[in-house]
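Working notes for the structure below.
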Amino acid sequence: MSITSTLVFVHGFWHGSWCWSEVIPRVVAAGRLAVAVDMAGHGLYARRPRWFTEQPYNPEAVGPEVSPVADVSLDDVAELLTSQIKRIGGGEPVTVVAHSAAGPVLTRVAQQAPELVAHAAYLSAYMPASDVPAAAYTRMPEAAGDQVAPLLRGDPAQTGALRLDLATDDAVYRQRLYEAFYADVDPVLADAATGLLTPDGPLGIMLGTTTLTHDGWGSVRRTYLTCARDRAIGPELQARFIAEADAAFPDNPVSVVALDASHSPFLSMPGEVADIITSLG
């Protein structure tokens, strides 16, 4: 494995490849090849529900509409990421950096094609144990401080999505959104980022499971970047992911790097994130 393996950055729910735009120039300047990709159902692959664009805005329409990304599964997202990695790396292994809900996707890809992943880096991301859906962790005691869940609209079981009301002008709701995702980000930058979010994250990503094996995900080098002030995936839940992985694969423990950051350090401290990622093989 070469320290110069190409870096592939994957965003979390509601975001897109754009969220890495402050990090990538820094890692490239440090001599690493890097690219950010969109997950299925996001970015250029996003499909927006009707209520989000219809005028006038109707808050009563937000909850019930079935999401246009309701059919996107963990299988679909992992298949796309695998194809992106193959194209970017040309068959050579790459280092993948996954944020938040991209974690289960990276885990699936690394399990199915460990030869394509030189290093798996989880930035305050879901890193579920074998055969456990990411959604299960949202109901665990360690997730009690989750500030994203109260912002979700509609019943995910009916809409097929984790939905944010990004069309509302409710100042309290928008402030809580800021606090959940961007608490340590400059408010002007956070407002710009919020304007780029898409409202629906495919529920299928959170429901899918992956059976982990020693010659699959267990064989891949892993680093977890913790965020001490995260209000979306709190420090206690991050610690649980790491502990479960180390218990399952003690011969290949997770390396841990601590950041004093909220959920989006790629915006609040892109230099520090870039320095850490650049050092990974």
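The values are calculated or read from the model by the stated rules, or taken from the named source; none is laboratory data. The structure displayed is predicted, hence computed values, not measured ones. Don't worry about glycine lacking a Cβ; one is built from the backbone with ideal geometry, like all the others, and counts go over all protein chains shown. SASA here: full protein model, heavy atoms, side chains in, ligands and nucleic acids out. Shrake-Rupley method; radii C 1.70, N 1.55, O 1.52, S 1.80 Å.
Summary table
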{"read-out": "Flag if residue 191 is farther than 25 Å from residue 66 by Cα and exposed (fewer than 14 other Cβ atoms within 10 Å of the Cβ)", "value": "yes"}
{"read-out": "Exclusive hit being open to solvent by 30 Å² or more (accessible area, probe 1.4 Å), in contact with a helix residue (DSSP H, G or I) (Cβ under 8 Å, 6 or more places away or on another chain), more than 24 Å from residue 76 (Cβ to Cβ) and modelled with pLDDT of 95 or more, set 274, 239", "value": "239"}
{"read-out": "Residue that is surrounded by the most Cβ atoms within 10 Å (Cβ to Cβ), among those in the range 130-143 that are touching a residue at least 24 places away in the same chain (Cβ under 8 Å) and of a type in the set (A, V, I, L, M, F, W, C)", "value": "134"}
{"read-out": "Residue within the range 163-174 that is in a loop (DSSP other than H, G, I, E, B) and open to solvent by less than 10 Å² (accessible area, probe 1.4 Å) present", "value": "no"}
{"read-out": "Scan of the range 64-99 for residues that are among the aliphatic types (A, V, I, L, M), buried (at least 22 other Cβ atoms within 10 Å of the Cβ) and within 17 Å of residue 200 (Cα to Cα), ordered by number", "value": "69, 72, 74, 77"}
{"read-out": "Among the candidates 155, 146, 170, residue that is in contact (Cβ under 8 Å) with a residue 24 or more places away in the chain, over 28 Å from residue 242 (Cβ atoms) and of a type outside the set (Lys, Arg)", "value": "155"}
{"read-out": "Candidates 15, 11, filtered to the one that is surrounded by 17 or more Cβ atoms within 10 Å (Cβ to Cβ), at pLDDT 95 or above, under 11 Å from the mean Cα position of the chain (by Cα) and farther than 20 Å from residue 110 by Cβ", "value": "15"}
{"read-out": "Long-range neighbours under 7 Å by Cβ, at least six apart or interchain, first residue under 13 Å from residue 43 (Cα atoms) within the range 186-197, second in a loop (DSSP other than H, G, I, E, B) and open to solvent by less than 60 Å² (accessible area, probe 1.4 Å)", "value": "196/16; 197/14; 197/15; 197/166"}
{"read-out": "Test: residue in the range 150-160 that is touching a Leu at 6+ places or on another chain (Cβ under 7 Å), in a helix (DSSP H, G or I), of a type in the set (A, V, I, L, M, F, W, C) and modelled with pLDDT of 95 or more", "value": "yes"}
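Yes/no matrix, rows are residues, columns are (1) over 24 Å from residue 162 (Cα atoms); (2) of a type in the set (A, V, I, L, M):
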residue	(1), (2)
180	no, yes
190	no, yes
231	no, no
242	yes, yes
248	yes, yes
272	yes, no
